[in-house]
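Engineer: Got a structure for you, questions after.
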Amino acid sequence: MKFAKITGVMIILLILVFGLAGCKPKPADEDKANLVPDVPMSQAAQTPDSITGQVEVGESARPESDAESSSEPEPDPGKNRKQAPDFTLADLSGRLHSLADFQGKVVLVDFWATWCGPCRKEIPHLVKLYDTYKSKGFVILGVGLDRQSNIAKFAADNKISYTVLVDEKSVAARPYGVSGIPRTLIIDKKGRIAFDHTGFAPGMEKEMEAEIKTLLAEEY
């Protein structure tokens, strides 16, 4: 009986051994396929910038602080200029104009009279300056210290293209302390007196043109 039991146990063990032998292991190649290959350090160090997400700073790429500093506004070149006194006068058609209406533009204010010789010589140059720069934000206000009838006739005869105002009672001339004419003031975009001329001589028109161009180019 003992022999029979031992024989039965051995048979069961043999069956188990041959049954397990039927489960084949995965091929070596299949295991390798599931492994992540090692990358040498030298190769990893050569990873492109597009993968790492980093950009080397050089001539083609500058820090944002540099770009921001270059866009900062320039200092106000007219911070020490005196504010021009405001005034309101009628033109030859009766329409009222105030100096304050022209904020943001460069304004030339010319105090003149029909009986003033230097004024008569200056005006053709002013007409030329106005026609040249009016499209760029330049305005001329010709303030006539004379009778309206005289001013109207002179303006028509000389084809003055800019705005002519009538100041028979020196309403505008008084705050500016006008004592001699022509008195020509060039006012910046913020309504401040930048240049002030009394009298006229040949060549002054070039000086005034340079001043006008300087003020037109200013940005605040």
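Where a number appears in this text, it was derived from the coordinates with a stated rule and is not lab data. This one's a predicted model, so the numbers in the text were calculated from it and none came from an experiment.
Engineer: State whether segment 145-220 is rounded, prolate or oblate according to the following rule on the C-alpha gyration tensor (a ≥ b ≥ c being the square roots of its eigenvalues): a/c under 1.5 gives rounded; otherwise a/b larger than b/c gives prolate, and the remaining case gives oblate. Don't skip to the answer; put the middle values down first.
Structural biologist: Working: a/c = 1.81, a/b = 1.50, b/c = 1.20.
The shape class here is prolate.
Engineer: Sum up the lysine pairs in segment 82-156 that clear both bars: alpha-carbon distance under 21 Å and a spacing of 8 or more or different chains.
Structural biologist: So the count works out to 8.
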